[in-house]
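These notes concern the structure reproduced below.
The values are calculated or read from the model by the stated rules, or taken from the named source; none is laboratory data. Predicted model, so just to flag it, every value in this text is computed and none were measured. No Cβ is skipped: glycine too gets one built from the backbone with ideal geometry, and neighbour counts run over all protein chains shown. With ligands, DNA and RNA removed, areas are computed over all heavy atoms of the protein, side chains included. Shrake-Rupley method; radii C 1.70, N 1.55, O 1.52, S 1.80 Å.
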Amino acid sequence: MNYSKLAFTDAIKEIQEKEGSREAYEQMEQMILPDGLSYREMSFIKERDSFYVASYGENGFPYIQHRGGPKGFLKFIDTKTLGFLDFRGNKQYITTGNVKTHIKVSLFLMDYLNRTRLKIYAEAEVVSLTERPDLLEMLQLEGYKYKAERIFLFHVKAFDWNCPQHITPRYTVEDISKLAKEREDYIEHLKGEIKSLKQKLENCGPDSGLVN
């Protein structure tokens, strides 16, 4: 589904009209988009080590939860379904309880380094670990310590990319280590070139043309 059609209610359209953006967004609502997540979204999600999920409960209040894990812990079941193993945490179970009565949720995935964000509308489904052993095997994580309590599935209804405006770049320890390694490698490369040039200068004769 076109994200704009789903997101823009009558109240939102009224504000857009007042603020002068309605015409542009009305054109966006008419766009025909691919059915399901594409390779771009799959590649982006595969590199995320966290996301935010918004749900709302019986009292009508929204709740936003941060979910984290190793890169790629949020996995693709198919182009319209995402899933992850719900790790044991503080045992509040607010999101789990909310989706028992209201399955509609919103996901926010951030790449602070590249100032990119992906937002997804979905319907959540909670599955027991014993109910779908095939999914449990698919969602297992190697080399990460955790205890799974249940399976969460997100049936994607619409998605959209936001502009990078006002996203402050942030760097993880892994990002900094990678940049430091690249710098160290470059320095070692330069040292090697300097050493090679010194050896050539030391070995050259007066007629080599390398010295005046």
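The residue list 116, 101 contains one member that is open to solvent by less than 90 Å² (accessible area, probe 1.4 Å), in contact (Cβ under 8 Å) with a residue 40 or more places away in the chain and under 19 Å from residue 52 (Cβ atoms), which is 116. Listed conditions (1) closer than 25 Å to residue 131 by Cα; (2) surrounded by 13 or more Cβ atoms within 10 Å (Cβ to Cβ) are all met by residue 3, apart from (1). Filter the stretch 122-149 down to the residues that are under 23 Å from residue 52 (Cα atoms), surrounded by 14 or more Cβ atoms within 10 Å (Cβ to Cβ) and not aliphatic (A, V, I, L, M) and list them by number. Hits for the stretch 122-149 are 123, 125, 146, 149. Hey, can you tell me all the residues within the stretch 40-93 that are in contact with a Leu (Cβ under 9 Å, 6 or more places away or on another chain), in contact (Cβ under 8 Å) with a residue 40 or more places away in the chain, among the charged types (D, E, K, R) and open to solvent by less than 40 Å² (accessible area, probe 1.4 Å)? 41, 48, listed by residue number. Restricting attention to the stretch 166-178, the residues being at pLDDT below 90, open to solvent by less than 90 Å² (accessible area, probe 1.4 Å) and either farther than 13 Å from residue 110 by Cβ or assigned to a helix (DSSP H, G or I) (or both) number 1.
Okay, residues lined up against (1) under 21 Å from the mean Cα position of the chain (by Cα); (2) of a type in the set (Lys, Arg):
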site	(1), (2)
72	yes, no
81	yes, no
88	no, yes
114	yes, no
133	no, no
140	yes, no
154	yes, no
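For the stretch 16-39, the set of residues classified as of a type outside the set (Lys, Arg), assigned to a helix (DSSP H, G or I) and surrounded by 13 or more Cβ atoms within 10 Å (Cβ to Cβ) consists of 16, 17, 25, 26, 28, 29, listed by residue number.
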